[in-house]
Amino acid sequence: MKYSAVVLAGSRPGRDPLAAQFGTAMKALIPVAGEPMVRRPVRALLASGSIGRVLVMTQDPDGLAGALAADPRLAICRSSETIAATLLALCDNPAVAWPLLVTTADHALLDTATVDEFCDAASGLDVAVGVVERRLLLRRLPDARRTWLRFRGGAYTGANLFALRSPQVRSAIALWQSVEQDRKKGRRIVALLGPAVLLGSALRLLSIDDVLARLGRKLGLRAGAVRLGNPLAGVDVDKPEDHALAESILAGTR
C-alpha cells in the first residue's frame, strides 16, 4: 500500500512575517541550507518507498513551481484558504488515491526513514497522528522550545505527520475545522470529548492512546498516535529561532 503524500504549503491571510523577514513571497520558499524549504520534505517523500505520489497544496501554484524539480509523481495543486477546507476538498475528489499522508512545507528536517516509520506504524488506523516524546527530543536538543501536550506516561509534541486512511475521515477533519484557528487546538479537541476526559487528561490520568481511542470511537474511526524515533521529527520552521536551529542541525553544528 502506497500513500499519496499531501504537503501543505499554503499561506495565512496577509503577509507572513517569517517570509517577509527572509524576503520571500511565501513561507514555503524561505531558504534552508541553501534551498527553498519546501524542497526538503518533498525530496524526503519522493525517496520513500511508502509514497506513490506527492501533492503540494498552495494558493499560488505558479509561485511555487520554480522551487521544485520536475517529477512525474509530483503535482502542485491549488489549495483552499484553510487546512481543513483543503483536506475536505480532497475527500470529495474522486481522483485522489488513498490513503493520504499529510505534512507541511515547513517540515525542513523530515527524512525518508521517518516517513517510512510513520507509514508502517499507521497501518490499520483510520487516523494516525505523529508525535515525538518530550524526553526523546530534549535529549537531542536540551534547550528546544516546543508546545507540549501532557498525558499519563509522557508529554508529546506534534510531528506534523498525519495519516488519513479513506474519505471516511471527513468527520475528523470537520472536528479539526471547528477549532482550526484556536492556538490551543489540542486541548480544545480533548474538551470536546466531555468534562471527564478533559479532567482525566489535565490530571494525567489518561494516556495519549486513551484520549485518541476515545476520540476515534466518538467519530466512528480508529485513531491513534505514532511515536516517532527521530527526535528531529518534532522540529518545524515556524519562527526565526526555529530557522536558526534547523540551519545549525543541517550544518552539523547541533
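Rule-based calculations on the coordinates, nothing more; no lab input. What you are looking at is a predicted structure, and each value in this text was computed from that prediction instead of being measured. Cβ sites come from the backbone with ideal geometry, for glycine too, and all protein chains shown count toward neighbours.
Miscellaneous remarks
- When peptides 99-109, 60-70 are ranked by their average number of other Cβ atoms within 10 Å per residue, the highest-first order is 99-109, 60-70.
- Across the stretch 3-249, the relative contact order, built from alpha-carbon pairs under 8 Å that are at least six residues apart, equals 23 percent.
- Dipole magnitude (debye, nearest 20) for the stretch 3-249, charges at Cβ of Lys, Arg, Asp, Glu: 940 debye
- Compactness index (Cα Rg / 2.2 N^0.38 Å), the stretch 1-130: 1.02
- Sites listed here are GluC sites (Glu not before Pro) in the stretch 63-156 whose DSSP assignment is loop and whose Cβ has at most 13 other Cβ atoms within 10 Å: GLU81.
- When each of the peptides 41-47, 220-226 is scored by how many other beta carbons lie within 10 Å of its residues on average, the order from highest to lowest is 41-47, 220-226.
- Model label zone, ALA85; criterion: amide N under 20 Å from point 7 Å along Cα-to-beta-carbon; scope the stretch 38-56: 56
- Percent of beta bridges antiparallel (DSSP, the chain, rounded to nearest 5): 40 percent
- Looking at the stretch 1-58, the DSSP beta bridges with both ends there are about 25 percent antiparallel.
- Within the chain, helix-based [θ] at 222 nm, where runs of 4 or more DSSP H residues each add -39,500 (n - 2.57), nearest 500: -10000 deg cm²/dmol
- Across the stretch 139-150, computed HN-Hα scalar couplings (Karplus, 6.51 cos²θ - 1.76 cosθ + 1.60, θ = phi - 60°) run 5, 7, 9, x, 9, 5, 10, 10, 8, 10, 9, 9 Hz from first to last residue, x flagging Gly and Pro.
- Debye log10 I(q)/I(0) for the stretch 3-249, one point scatterer per Cα, at q = 0.13, 0.15, 0.17 Å⁻¹: -0.81, -1.10, -1.44
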